[in-house]
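Enquirer: Take this structure, written in structure tokens, and hold onto it; I'll ask about it next.
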Amino acid sequence: MALKSYRDLDVWKRSIELVVQIYSLTLLYPAEEKYGLISQTQRAAVSIPANIAEGYARVHRGDYLRHISFAKGSLAELETLLIVASKLSYVNKEQIKPIWDELQIIGRMLHKLEDSLKDK
């Protein structure tokens with residue numbers, strides 16, 4: 001089955017669900033982080049599916065690969081921000097473990113997508 005849209009990509013679907021999880025998690029952060037860690041964490045999460053979608057819509061494979069690279073960068077940023085939130089005791093490791101596990105899955109999926117685009 002050929003993909004008709006970025007919305008058909010499992011990695012995009014999972015990334016959208018990740019955004020929902022991140023928005024729920026950041027509700028636990030202190031209010032004074034609204035324009036700091038909360039905003040940055042949410043933006044990093046949203047950037048993952050947004051870059052997948054934008055790359056898919058590009059005409060040239062190189063542009064698509066660049067946007068997958070951006071998504072991978074946002075994923076690493078998100079991991080880092082979750083570590084910071086944990087170290088600041090805004091959330092505990094049990095609260096972020098399901099999200100962390102999902103980040104690892106999405107990271108592997110992005111890597112496979114990147115490899116498949118390089119092989120063409």
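Read-outs throughout are calculated quantities, based only on the coordinates presented, and are distinct from any laboratory measurement. Every value quoted in this text rests on a predicted model; they were computed, and no experiment measured them. As a convention, Cβ positions derive from the backbone with ideal geometry for all residues, glycine included, and neighbour counts pool all protein chains shown.
Enquirer: Mind ranking 53-63, 75-85, 104-114 by how tightly packed they are, going by the mean number of other C-beta atoms within 10 angstrom, highest first?
Expert: Ranked by mean Cβ neighbours within 10 Å, highest first: 75-85, 104-114, 53-63.
Enquirer: Another question, then. Working from Cα positions, state the angle (0 to 90°, nearest 10) between the long axis of helix 61-87 and the longest principal axis of the chain.
Expert: The angle comes out near 10 degrees.
Enquirer: Are there any trypsin sites (Lys or Arg not before Pro) in segment 1-46 that are in a DSSP loop and have at most 16 other Cβ atoms within 10 Å? List them by number.
Expert: Answer by residue number: LYS4.
Enquirer: Compute the angle between helix 10-26 and the longest alpha-carbon principal axis of the chain, please, reported from 0 to 90 degrees and rounded to the nearest 10.
Expert: 10 degrees
Enquirer: Among (1) 45, 25, 20; (2) 65, 61, 22; (3) 37, 34, 22, which one is Cα extents along the principal axes in Å computed from these coordinates?
Expert: Of the labelled values, this structure produces (1).
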